[in-house]
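Taking it in order: structure first as structure tokens, then the write-up.
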Amino acid sequence: MATLINLSKTPSLAGIRQPATLRPPEVEPGVACDFDSYLLTPDTSCSERIAAAKARLGQDVVILGHHYQRDEVIQFADFRGDSLKLSQQAAEAQGRYIVFCGVHFMAESADILRRSHQEVILPDLSAGCSMADMADIGQVETCWNELQALGNLQVVPVTYMNSTAAIKAFTGEHGGSVCTSSNAAAVMRWAYARGERVLFIPDEHLGRNTAFRMGIPLDRMIVWDPYQELGGNSPEAVRNAKVILWKGYCSVHQRFLPEHVAKVRREHPGIRVIVHPECRFEVVQAADEIGSTEGILKAVQASPPGSQWAVGTEVHLVHRLSQERKDRLVISLDPNVCVCSTMFRITPQHLLWALENLVAGNVVNRITVDDRTRHYARIALERMLSLR
Ligand code: 13P
Ligand code: SF4
């Protein structure tokens, strides 16, 4: 199993004064308090109170933090990781409450993998993902029915973690698997052992970049536009395809352009360019390396001191990496900075609100997936986890 970084003894928390009263005055047992009363709490008070609430909850709470979270939040994560590591952690977590500092589809996956006595909390319910929103279960079912109507095509669905629980369930029910950016190639190989074609949902770029690296030529890939009949393709094009790529993308990673690669190479001769596989095909081709979130971390950490890196991914990860590896130059590939605005919605105030309510016995912002969806989505997630 991949090693997780245990941050529960974060040095920055040392010396934080523990308030005498652990239950803040705003929160009453049995009465979940409104988030609005936390809006104006300054970050410094938040840090003190989060540390106190966390200490009070002890083993009952596990805080999971995605690498794209802001520093003021991720410092409190017991486990930090990419979406694959965090899903593994969610499946193994012991705490009664799993507080997920990430986005909605990640918390949903944690709810699918959790044990029966656990509850999953997303500190801000508006932390969604624009890519996950680009595939709706009704559209996916229509796509599947249109493909089936073409005859025996042998299509295996592979859905990226960045999708709704309903689409994961669809995938599990139809013999497919979930994947993340860390294991997309392994999952695709698994899929091709089961059928001739992969329907890859919802990230066009991750699907194309992964399939191309596996040796599948571009002319055997088609894009499925859910707003057009047969995805905008002819029946012949669908029959010829090895990969059917859902027309979806990440608004953060799609901002990186080949021009950024050319510019950074001009300005920093010898710099290595590493980009996330959610970037456009042309950007990946122009880069030196492609890496999932964990892949980027490993590549930079394994490089010798003095190395120079331009990184094409979410900027919180890039900044943190540059702070933690001061003996290397680590810069964002896009000088105009790419923030994932939905990851950014999880503020220290939201985390504090969720934790102080738990201290008072109130579970706020619980994420729940219904039993049927959980059953099939779990099949698709466990297929992926079994491939580690
Ligand atoms: P990872 O699978 O690399 O954690 O990516 C999740 C994500 O949302 C990237 O945009
Ligand atoms: Fe979604 Fe992109 Fe944000 Fe990842 S970075 S959570 S894919 S919007």
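The values are calculated or read from the model by the stated rules, or taken from the named source; none is laboratory data. Please read all numbers here as calculations on a predicted model, not as lab measurements. As a convention, Cβ positions derive from the backbone with ideal geometry for all residues, glycine included, and neighbour counts pool all protein chains shown. Quick note on the areas: whole protein, heavy atoms, side chains included, nothing else; ligands and nucleic acids left out. Shrake-Rupley method; radii C 1.70, N 1.55, O 1.52, S 1.80 Å.
Calculated FRET efficiency, Glu282 and Asn152, Cβ-Cβ r, R0 30 Å, to nearest 0.05?
0.30
Below 24 Å, Cα to Cα, which lysines can Lys168 reach? Residues fewer than 8 away in the same chain don't count.
Cα-Cα hits under 24 Å: Lys85, Lys242, Lys247.
Throw me the Rg/Rh for the stretch 133-240, computed over C-alpha atoms with Kirkwood Rh, two decimals.
Using only Cα positions, Rg/Rh for the stretch 133-240 is 0.91.
Could you do me a favour and compute the accessible area per residue for the stretch 25-140, 1.4 Å probe, result in Å²? Walk me through the intermediate numbers first.
Working: 4090 Å² over 116 residues.
Dividing the accessible area of the stretch 25-140 by its residue count gives 35 Å².
Which residues' amide hydrogens lie under 5 Å from the amide hydrogen of Val273, considering only partners 5 or more residues apart or on another chain, with H built in the peptide plane?
So Val273 has HN proximity to Asp288, Glu289, Ala310.
Pop a pseudo-label 7 angstrom from the Cα along the beta-carbon direction at both Asp219 and Thr142 and give the gap in nm to one decimal.
3.1
Taking springs between alpha-carbon atoms closer than 10 angstrom, which of Thr210, Thr44, Thr171 fluctuates most in the Gaussian network model of the chain?
Per the Cα network of the chain with a 10 Å cutoff, Thr44 tops the list.
In debye, nearest 20, what is the charge dipole magnitude of the chain about its Cα centre with +1 on Lys and Arg Cβ and -1 on Asp and Glu Cβ, if you could check?
1180
Residues with amide H under 5 Å of Ile121's amide H, sequence separation 5 or more or different chain, H placed in the peptide plane at 1.01 Å from N; which?
Ile98, Val99, Phe100, Ile367
Quickly estimate the mean residue ellipticity at 222 nm for the chain, helices only: each DSSP H run with n ≥ 4 gives -39500 (n - 2.57), and the total goes over all residues, rounded to 500.
Calculated from helices alone, the mean residue ellipticity at 222 nm is -11000 deg cm²/dmol.
Using a 10 Å cut-off on Cβ atoms, rank the peptides 308-318, 51-61 from the highest mean neighbour count down.
The peptides rank, most packed first, as 308-318, 51-61.
Mind putting together the pair-distance distribution for the chain? All Cα pairs, 10 Å bins, whole percent per bin, short to long.
Reading upward from the zero bin: 5, 23, 30, 24, 13, 4, 0, 0.
Run the 1.4 Å probe and let me know the accessible area of Arg96, rounded to the nearest 10 Å².
Counting only protein heavy atoms, the figure is 110 Å².
Count charges around His253 for me, please; just the other residues with Cβ under 12 Å from its Cβ, Lys/Arg as +1, Asp/Glu as -1. Can you show the working numbers first?
Values: positive: Arg255, Arg280; negative: Asp203, Glu204, Glu278, Glu314, Asp334.
My count for the surroundings of His253 gives -3.
Take the Cα atoms of the stretch 45-127, build their convex hull, and give its volume per residue in Å³.
82
Ignoring ligands, DNA and RNA, what accessible area per residue does the stretch 254-298 give at 1.4 Å, in Å²? Please list the in-between numbers first.
Values: 1980 Å² over 45 residues.
With the other protein chains kept in place, the stretch 254-298 gives 44 Å² per residue.
When the chain is fully extended, how far beyond the present Cα-Cα distance does Thr44 get from Gln59, taking 0.36 nm per residue of separation? Don't jump to the answer; show the numbers that get you there.
Values: separation 15, 0.36 × 15 = 5.40 nm, distance 2.42 nm.
So the chain would gain 3.0 nm between Thr44 and Gln59.
What net charge do the residues around Asp225 carry, taking every other residue with its C-beta under 14 Å from that of Asp225, with Lys and Arg at +1 and Asp and Glu at -1?
-3
What distance in nm lies between label points placed 7 Å from Cα along the C-beta direction at Asp133 and Ala237?
Reported label-point gap for Asp133 and Ala237 is 2.7 nm.
First compute the accessible area of the chain with a 1.4 Å probe, then give the percent of it belonging to carbon and sulfur atoms.
Whole-percent figure for carbon plus sulfur exposure: 50.
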